[in-house]
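Okay, structure first, notes after.
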Amino acid sequence: MQFPWTKTDRPRPSGVDDGDAIVVSGLRKTFGDFVAVDSVDFRVKRGEIFGFLGPNGSGKTTTIRMLCGVIAPTSGGGTVMGYDVVDEPERVRENIGYMSQKFSLFQDLTVDENLRFYSGIYGLTPEKYAERRAYILRMADLEGRENELTGNLSVGWKQRLALGCATIHEPKLIFLDEPTSGVDPTARRQFWELLNDLANEGVTLFVTTHYMDEATHCNRLAFIYRGNIIAEGTPQEVKADLTADTILQIAVDRGEEALAALEGLESVDEGYMQGSLVHVNLGRRTAEDAGLREFLVDHGFEVGAIDRVEPTLEDAFVHLVTQQGGRA
Amino acid sequence: MRRILAIARKEFLHIIRDKRLLGVILVMPLIQLFLYAYALSFDVKQLPTATLDLDRTTASRQYVDALQQSNYFLVDGVLTSYAQVDNRFESGADKVVVVVGAGFGDDIAAGRAGNVQILVDGSDANAAQLGSSYAGALSRVFGAKVVISQIEQKGLNVSGAGGLTSSIRTWYNPEGISAAYFVPGLIVVLVTMITVLQTANTLVKEKEQGTYEQLIVSPISRIELMVGKIAPWALIGALDIIIIAVVGILAFGIPFRGSVGLFALSSLLYVICTLGLGLIVSARATSVDSANQLGSLIAFLPTFMLSGFVFPISSMPPVLQWLSYLFPARYFMVICRTVFLKGGSPAVLFPQIAALVVFAVVIVVLAASLYRERA
């Protein structure tokens, strides 16, 4: 079989600014006997927000590292902004931005010094740096705080500054690896507004997150689980599988215990905690058939409201993982 | 080049912001310099000494007087019996006890050898060794005087007689100042500690705080990163060398007889070696703690123990002597002592400089290849 990314049969000249932002075929990475990423294929279109979801250890970060040209795939490959990740990792790195949950700022340097450092790393001209600096300070709401030590900023500002540093060279594709983990909801919302602005300017965003509410911001999603992509599509398409199912949201005391009891029932396909509420998927059964309220009351739980809810992405995710024979 | 400068500038900012680190770099060398120069003094003068004169004759008193007048012994105790010796040593009051045996005066008067016993406290090896050799020498001189006076009493003129005079002169360090011996060595030890430990830390620290991740997805190459990171430490290493050298010369009167250029060149070679070693540690270590431990193992032990800094290499067991060839410190130690105390031409120091060149090349190649392969 002839792979499209092999040198003899490249689909288009390298570096040409058209086509998909990311094309991945048969990308695989093993560490000894452990298969971190198992021959995945996907495409990311230019200008879209692509959500890459999956539990910890499912292969998200390994995939990103291969796409950034930091580690070489065991087999397979792909192109990022038209550059081959195996043959041209340097070109790939010049054309992407990267931001991780660690924010990658030097805490003992000031805001300005951090910006200046990354400007030097990406080789910005003094004029370009002045322009980008002004833009980032405005974007991150840090005007007038240029000389503050980064370590003294609160987390929302750090996060926006990190985004600014990661995009100082105006990349057309940005990888964001759990950029909002550990950030409060307000800052998360503000951050997503910034990401939306970038997307509106035509920047492609490749985002991993484990916050399912954030996944709804994405144009398209891929679920990766144990190194395999188990679902791909728009949020609506990913949930489509579940729209015929009955999903109940149960308010009950001692939620964890109630969940354990419910999971033993034959009528319950899947169950998990959504905050303090228990979600159960009854498949094609109706709520009345299952008799969950009676069951819970008989077992000494105090049951509040039981509502049928529209499937969320989290429901879809649990469903997909359960089908794979695992637990989310 | 611009990227290297960006990294180097950032590293400088880290150093300037870190007050404790600044102290380690600039103040610690001076503290250590004074500490070592005074505490590691091997000059033994005014050795606390007690005498036990069992003879009590004019001759024995003359001998004890000779002891007292020499600058090497401070006679601070006169004992009356052997039983007291143990007490003097145990309490640490004296390091040497000189016992003049009964019959000393009679023996000398009769033309026989007088009997003197020198007891030293072996728990202080240095003092003991020097004490016994000084006292031994003193006794020989005293003995010779006795012989001469006896001969003269017999009416012979000894000035016409042959004989053997040995005059000992210490070259390069005529007054036998320990500082002259230690300060050049201290340069080696301090520069090694600072450069190896700090570069060992630098990369691991970035890995722990997550910034390394960001750097490797940037266009910067590993080599640029490596050069940018060690450049500030090369300068600081040079600065430390200059500080110690200048303070050593001004405060301790250490001579500098060699060529500054030669010293600068070999310092540069040596600092390249130590920075490279630090980078190798940094590439291999998994945490700041392990980097520190590994770094001090590599930096401290060979430099302190196997370089000839304190213990002369020639008196080590053969295995350790061979081992000492494997660390660049021993070569730089010879160079330092030579350029400070003796002068030393390039031709004389060629083997040491050549060894440093080989070490520098091997270490840099090794570090660079480690950086390349480490993702």
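Throughout, read-outs are computed from the coordinates displayed, never taken from laboratory work. Since the model is a prediction, treat every value here as computed from it, not as a measurement. Here Cβ is always computed from backbone atoms with ideal geometry, including for glycine, and neighbour counts include all displayed protein chains.
Please work out whether chain A counts as rounded, prolate or oblate from its C-alpha gyration tensor, where a ≥ b ≥ c are the square roots of the eigenvalues and a/c under 1.5 means rounded, while otherwise a/b larger than b/c means prolate and anything else oblate?
Verdict is oblate for chain A.
So between B:LEU30 and B:ASN87, what do we pick up on full extension, going 0.36 nm a residue minus the alpha carbon distance?
Value of the extension gain: 16.6 nm.
Among the listed pairs A:LYS60/A:LYS239; A:LYS29/B:LYS207; A:LYS60/A:LYS102; A:LYS158/B:LYS19, which have their C-alpha atoms separated by more than 18 angstrom in this model?
Exceeds cut-off: A:LYS60/A:LYS239; A:LYS29/B:LYS207; A:LYS158/B:LYS19.
Kindly provide the trypsin sites (Lys or Arg not before Pro) of region A:36-109 that DSSP labels as loop, not H, G, I, E or B, and whose Cβ sees at most 15 other Cβ atoms within 10 Å.
For trypsin sites (Lys or Arg not before Pro) across region A:36-109 that sit outside H, G, I, E and B with at most 15 neighbouring Cβ atoms in 10 Å, the list reads A:LYS45.
Any idea how far apart A:ASP298 and B:SER132 come out in nm if each label point goes 7 Å out from Cα toward Cβ?
9.6
What is the sum of charges, Lys and Arg at +1 and Asp and Glu at -1, for the other residues whose Cβ falls under 15 Å from the Cβ of B:SER60?
Net charge around B:SER60: -1.
Report the Cα-based extents of region A:186-257 along its three principal axes, largest first, to the nearest Å.
Computed over region A:186-257, the largest-to-smallest principal extents equal 46, 30, 25 Å.
Using Cα atoms only, what is the angle between the long axis of helix B:346-373 and the major principal axis of chain B, expressed in degrees (0 to 90) to the nearest 10?
40
So, how do all the Cα-to-Cα distances of region A:244-309 break down into 5 Å bins, in percent, from 0 on up?
Pairs per bin, as whole percents: 4, 20, 35, 29, 11, 1, 0.
Loop-only chymotrypsin sites (Phe, Trp or Tyr not before Pro) in region B:55-105, please: DSSP not H, G, I, E or B, and at most 16 other Cβ atoms within 10 Å.
Answer by residue number: B:TYR82.
On a straight-distance basis, which lysines could pair with B:LYS145 in a cross-link, Cα separation under 29 angstrom, same-chain partners fewer than 8 positions away excluded?
Within the straight-line limit of under 29 Å, B:LYS145 reaches these lysines: B:LYS45, B:LYS95, B:LYS154.
How charged is the neighbourhood of B:VAL78? Take every other residue with its Cβ under 14 Å from the Cβ of B:VAL78, and add Lys/Arg as +1 and Asp/Glu as -1.
Summing Lys and Arg as +1 and Asp and Glu as -1 gives -2.
Considering only B:ALA283, B:ALA231, B:ALA66, give the residue with the highest GNM mean-square fluctuation for chain B, with springs between Cα atoms whenever their separation is below 10 Å.
B:ALA66
Suppose we look only past 23 Å in the calculated P(r) of region A:69-217. What percent of the Cα-Cα pairs does that tail hold?
Summing the P(r) of region A:69-217 above 23 Å gives 37 percent of all pairs.
Using only atoms on other chains, find how many Cβ atoms lie within 10 Å of each Cβ of peptide B:306-316 and report the average.
Per residue, the number of nearby Cβ atoms from other chains is 0 on average.
Let's test the formula: R0 of 22 Å, r as the Cβ-Cβ distance of A:GLN323 and A:ASN219. What FRET efficiency results, to the nearest 0.05?
It comes out at approximately 0.35.
7 Å from Cα along Cα→Cβ at both B:VAL78 and B:ASP124: what's the point-to-point distance in nm?
2.3
Mind sorting A:HIS279, B:HIS14, A:HIS299 by how few other Cβ atoms lie within 10 Å of their own Cβ, fewest first?
So the ranking, lowest neighbour count to highest, is A:HIS299, B:HIS14, A:HIS279.
Using +1 on the beta carbon of Lys and Arg, -1 on that of Asp and Glu, and nothing else charged, what's the dipole of chain A about the Cα centre, debye to 20?
Its charge dipole is roughly 1160 debye.
Would you please give the FRET efficiency between B:SER290 and A:ARG254, computed as 1/(1 + (r/R0)^6) with r the Cβ-Cβ distance and R0 = 35 Å, to the nearest 0.05?
That gives a FRET efficiency of 0.20.
What distance in nm lies between label points placed 7 Å from Cα along the C-beta direction at B:ALA264 and B:TRP171?
Reported label-point gap for B:ALA264 and B:TRP171 is 2.9 nm.
When the helices in chain B are scored as -39500 (n - 2.57) per DSSP H run of 4 or longer and the sum is shared across all residues, what 222 nm value do you end up with, to the nearest 500 deg cm²/dmol?
-21500 deg cm²/dmol
Enumerate the calculated ³J(HN,Hα) couplings along region B:272-285 in order (Karplus 6.51 cos²θ - 1.76 cosθ + 1.60, θ = phi - 60°), each rounded to whole Hz, writing x wherever the residue is Gly or Pro.
Going residue by residue, I get 4, 4, 6, 5, x, 4, x, 5, 4, 4, 5, 6, 8, 6 Hz, with x marking Gly and Pro.
Would you mind getting me the FRET efficiency between A:GLU170 and B:SER345? Use the beta-carbon distance for r and R0 = 60 Å, nearest 0.05.
0.55
Sum up the charges of everything whose Cβ sits under 10 Å from the Cβ of B:PRO232, counting Lys and Arg as +1 and Asp and Glu as -1, but leave B:PRO232 out.
Local charge sum for B:PRO232: +2.
Can you give the alpha-carbon Rg of region B:64-120 over 2.2 N^0.38 Å, where N counts its residues?
Taking the Cα Rg and dividing by 2.2 N^0.38 Å, one obtains 1.24.
Can you pull out the trypsin sites (Lys or Arg not before Pro) in region B:2-111 whose DSSP state is coil and whose Cβ has at most 14 other Cβ atoms within 10 Å?
B:LYS45, B:ARG56
Give the Kirkwood hydrodynamic radius (Å, one decimal) of region B:40-134, defined as one over the mean of 1/r across all pairs of different Cα atoms.
Result for region B:40-134, one decimal place: 13.6 Å.
Using the Karplus equation 6.51 cos²θ - 1.76 cosθ + 1.60 (θ = phi - 60°), what ³J(HN,Hα) coupling, rounded to whole Hz, does each residue of region B:127-143 give in order, writing x for Gly and Pro?
Result, rounded to whole Hz: 4, 5, 5, 5, x, 6, 6, 4, 5, x, 4, 4, 5, 5, 4, 4, x.
Counting pairwise Cα distances across the protein assembly as shown, what percent come out greater than 44 angstrom?
Considering the protein assembly as shown, 50 percent of its Cα-Cα pairs are separated by more than 44 Å.
Do the sum for chain A: with -39,500 (n - 2.57) for every DSSP H run of n ≥ 4, divided by all residues, what is the mean residue ellipticity at 222 nm, to the nearest 500 deg cm²/dmol?
-9500 deg cm²/dmol
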